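Take a look at the structure set out below.
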Protein chains: 2
Amino acid sequence: MKTLIVALGGNALIRFGEEGTTEEQFRNLRTPIKQIAELSKEYNIIITHGNGPQVGNLLLQQEGTSEVIKRHLGILVAETQGQIGYMIESTLDEELMHLNIDVEKLFLTVLTYVQVDPEDPAFKHPTKPIGPAYSEPRSGFVKTPKGWRRVVPSPKPIKIYQWREIKKLMQENFIVIACGGGGIPVIKEGKRLQGVEAVIDKDLASAKLGEQVEADILLIATDVEYVALNYKKSNQRNLHKLSISEAKKYLKEGQFPAGSMGPKIEAVISFIESCGERAIITSIENIKTALEGKAGTHIYK
Amino acid sequence: MKTLIVALGGNALIRFGEEGTTEEQFRNLRTPIKQIAELSKEYNIIITHGNGPQVGNLLLQQEGTSEVIKRHLGILVAETQGQIGYMIESTLDEELMHLNIDVEKLFLTVLTYVQVDPEDPAFKHPTKPIGPAYSEPRSGFVKTPKGWRRVVPSPKPIKIYQWREIKKLMQENFIVIACGGGGIPVIKEGKRLQGVEAVIDKDLASAKLGEQVEADILLIATDVEYVALNYKKSNQRNLHKLSISEAKKYLKEGQFPAGSMGPKIEAVISFIESCGERAIITSIENIKTALEGKAGTHIYK
């Protein structure tokens, strides 16, 4: 079976305008997870996911009381891997039961830590928005299309530590949930791993994992069905196919903004240039139809 | 290789009198994890652990701000499995490197959910203390030997959902971290798993997991080297060996209090009566020497 990585965007858990209650997140997860359960008959699957709103909430909560010791962002990312991994797993459990393949299909969430470079320029220039968006400015926050949000450093992933474990699980046909929130960012000091104050981009982490476990397909599920040129302008053009050389050209032309489509395009370029057979960018609703070739932007060498 | 479950008590992470900073927890973990790394040459190992102070802190934090949506205890337990699993894993990583067995040894944290009975009487009589202890009474808190603490229901574990995954990982010689904080408590409603407001006893969950994966040895690591009769009295007598029938007799006589040694004795009884070859109760410092027969209380059929 081919190995497929499905990278779930934030809207797989919290839709625009929602508060992000536990019930909403479980309800929203059903759309991608139902498709993934069906796809698990044909593919070896790794699910990755973001954690922007969730990790931001944990940060807000620990600032809300002086009674409890504060943890660094790496620990909070680990907490969101537990929180979201559990929600994905129990939804997957139910969907596999509906398909009567729950007994043969094993699945696991892999707590994932990811090495970053302490000299990564991102540590001096935080760019990753996390947590809720506010209509009024706050100290240390920046203006994003959704409102004022906290930004944290987002260094590039160098190495996914758990790649050997994940590769072994793929050989045993597990469905694996990994690289939650882009992975727990760590730097290496001698033999010691040290968590750092950062949040890694989950699409770049997914591409790096794909390279390390030699995955075949990377599908990035987001809130648009297609990658577009001149996005949201009168001359918007949806792309059904995109070669790596075209992708690089459009990226250089500034067609894909840094905060949204930019890292996704960078991720698919790096995945295909390393080992990937193909990559797809599409909406959460179209994961399955996109794999059948009937939706999404297909990126190839 | 025999399968050994090491159930780590709260003092593996936070020692008496400590605040529980991240640095303290990492430092404390070194004692048990160093021994476990060495034991992994001889045994297939499952590490389980508590989460009382950690889950209590998350609960306090979410009460500290109204800005963020509150999650049920099941989700918070999932968060602690991520948080503590990550700390155990990265300590284990380093200790395996010191022994030069890091390349061959694979390890994983398994997010674990555990079925409980919605009719369990524990839901009407909360007994499990979590979070910090206070010198003054607070609403909904009860007096414990450490001070006033919040108590939550602690229903009995019926089934560890991830037992098949864990069994498979054992066959592949993974070191597995599982049943963190006793597992995420869920009840089954049709095909749906529903998280509930409870914290399961981690020793009882460890015994149940041992039964389901047919483990050989259950070692409960706590803050005393031996189980004792007349504990902390002038006629205290440390037990080096204890048969199941003696254990039951002493339990009935009230030798082992409900909040501390009681559930540990119940856990080892149920483990040995189901499948276990032997069980050991000892201190965090004596995990390795106890397995060599030089420390701890050894419980047998």
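If packing is taken as the mean number of other Cβ atoms within 10 Å per residue, what is the order of A:211-218, B:190-197, highest first?
Ranked by mean Cβ neighbours within 10 Å, highest first: A:211-218, B:190-197.
What is the average number of partner chain Cβ atoms found within 10 Å of a Cβ in B:109-116?
Mean partner-chain Cβ count within 10 Å for B:109-116: 4.
Which residue, A:181, A:64, A:56, tops the fluctuation ranking in a GNM of chain A built on C-alpha contacts under 10 Å?
A:64
Between residue B:274 and the same site in the other copies, what are the distances in nm, shortest first, taking label points 7 Å from Cα along the C-beta direction?
Nearest first, the other copies' label points are 4.0 nm away.
Between copies, how far does the label point of residue B:158 sit from its twins, in nm, shortest first, when each point is 7 Å from Cα along Cα→Cβ?
Label-point separations across copies, in nm and ascending: 4.9.
Can you give me the relative contact order of chain B as a percent, contacts being Cα pairs under 8 Å and 6 or more apart? Provide the component values of the computation, followed by the final result.
Numbers: 631 pairs, mean separation 65.3, N = 301.
It rounds to 22 percent for chain B.
Which net charge results when you count Lys and Arg as +1 and Asp and Glu as -1 among the other residues whose beta-carbon is under 13 Å from that of residue A:297?
Working: positive: A:237, A:241, A:264, A:278, A:294; negative: A:225, A:246.
With Lys, Arg at +1 and Asp, Glu at -1, the neighbours total +3.
Please name which of A:13, A:243, A:268 has its Cα lying farthest along the dipole of segment A:2-300 towards the positive end, using unit charges on Cβ (Lys, Arg +1; Asp, Glu -1) and the Cα centre as origin.
Of the listed residues, the answer is A:243.
Peptide B:282-292: average number of partner chain Cβ atoms within 10 Å per residue?
For peptide B:282-292, the averaged partner shielding equals 0.
What percentage of the solvent-accessible surface of chain B, computed with a 1.4 Å probe over protein heavy atoms, is contributed by carbon and sulfur atoms? Please list the in-between numbers first.
Values: 5840 of 11810 Å².
Summing carbon and sulfur atoms, their accessible area is 49 percent of the total for chain B.
To one decimal in nm, how far is residue B:21 from the same spot in the other copies, if labels go 7 Å from Cα toward Cβ? Please give the shortest first.
With the label placed 7 Å along Cα→Cβ, residue B:21 yields 4.1 nm.
Please identify, among A:103, A:55, A:224, the residue showing maximal mean-square fluctuation in a Gaussian network model of chain A using a 10 angstrom Cα cutoff.
Result for chain A, Cα springs under 10 Å: A:103 fluctuates most.
Once you've got the GNM for chain A with C-alpha springs shorter than 10 Å, pick whichever of A:132, A:153, A:145 has the biggest mean-square fluctuation.
In this elastic network of chain A, the residue with the biggest mean-square fluctuation among A:132, A:153, A:145 is A:145.
Where Lys and Arg each count +1 and Asp and Glu each count -1, what net charge lies around residue A:285 among other residues with Cβ under 13 Å from its Cβ? Could the numbers behind the result be given before it?
Values: positive: A:15, A:30, A:34, A:288, A:294; negative: A:223, A:225.
Taking every other residue near residue A:285 into account, the sum is +3.
What whole-number distance in Å separates the alpha-carbon centres of segment A:227-294 and segment B:89-143?
Measuring centre to centre over Cα atoms gives 42 Å.
Find the sum over both chains of the accessible area lost when A and B are paired, probe 1.4 Å, and report it in Å² to the nearest 100.
Chains A and B together bury approximately 5400 Å².
Kindly identify segment A:2-300 as rounded, prolate or oblate by the Cα gyration tensor criterion: order the square roots of the eigenvalues as a ≥ b ≥ c, call it rounded if a/c is under 1.5, otherwise compare a/b with b/c, prolate if a/b is larger, else oblate.
Details: a/c = 1.31, a/b = 1.12, b/c = 1.18.
Since a/c stays below 1.5, the shape of segment A:2-300 is classed as rounded.
Explain nothing, just compute: Karplus ³J(HN,Hα) = 6.51 cos²θ - 1.76 cosθ + 1.60, θ = phi - 60°, for every residue of segment B:223-234 in order, whole Hz, x for Gly and Pro.
3J(HN,Hα) across segment B:223-234, in whole Hz: 9, 10, 6, 9, 5, 10, 8, 6, 3, 6, 9, 5.
Taking the Cα centre of segment A:2-300 as the origin and placing charges on Cβ (Lys, Arg +1; Asp, Glu -1), which of A:126, A:116, A:196 is farthest toward the positive end of the dipole?
A:126
What accessible area per residue, rounded to a whole number of Å², is obtained for chain A using a probe radius of 1.4 Å?
Result: 39 Å² of accessible area for each residue.
Given +1 on the Cβ of Lys and Arg, -1 on the Cβ of Asp and Glu, and no further charges, what dipole in debye does the protein assembly as shown carry about its Cα centre, rounded to the nearest 20?
Result for the protein assembly as shown is approximately 380 debye, rounded to the nearest 20.
With only Lys, Arg, Asp and Glu charged, each at its Cβ (+1 for the first two, -1 for the last two), find how big the charge dipole of segment B:2-300 is about the Cα centre; round to the nearest 20 debye.
920
Residue A:177's amide H: which non-local residues (gap 5+, or another chain) put their own amide H closer than 5 Å, with H modeled 1.01 Å from N in plane and none for Pro or chain starts?
Under 5 Å from the amide H of residue A:177 lie the amide H atoms of A:47, A:108, A:109, A:110, each far enough along the sequence or on another chain.
Please compute the net charge surrounding residue A:152, taking Lys and Arg as +1 and Asp and Glu as -1 over other residues with Cβ under 13 Å from its Cβ.
Once all neighbours under 13 Å are counted, the net charge is +1.
Residues of B:87-96, mean number of Cβ from any other protein chain within 10 Å of their own Cβ, rounded to a whole number?
4
The values are calculated or read from the model by the stated rules, or taken from the named source; none is laboratory data. The shown structure was predicted, so the numbers you read here are calculated from the model rather than taken from an experiment. So basically every Cβ, Gly included, is an ideal-geometry build from the backbone, and we count neighbours across all protein chains shown. These accessible areas exclude ligands, DNA and RNA; they are computed on the full protein's heavy atoms, side chains included. Shrake-Rupley method; radii C 1.70, N 1.55, O 1.52, S 1.80 Å.
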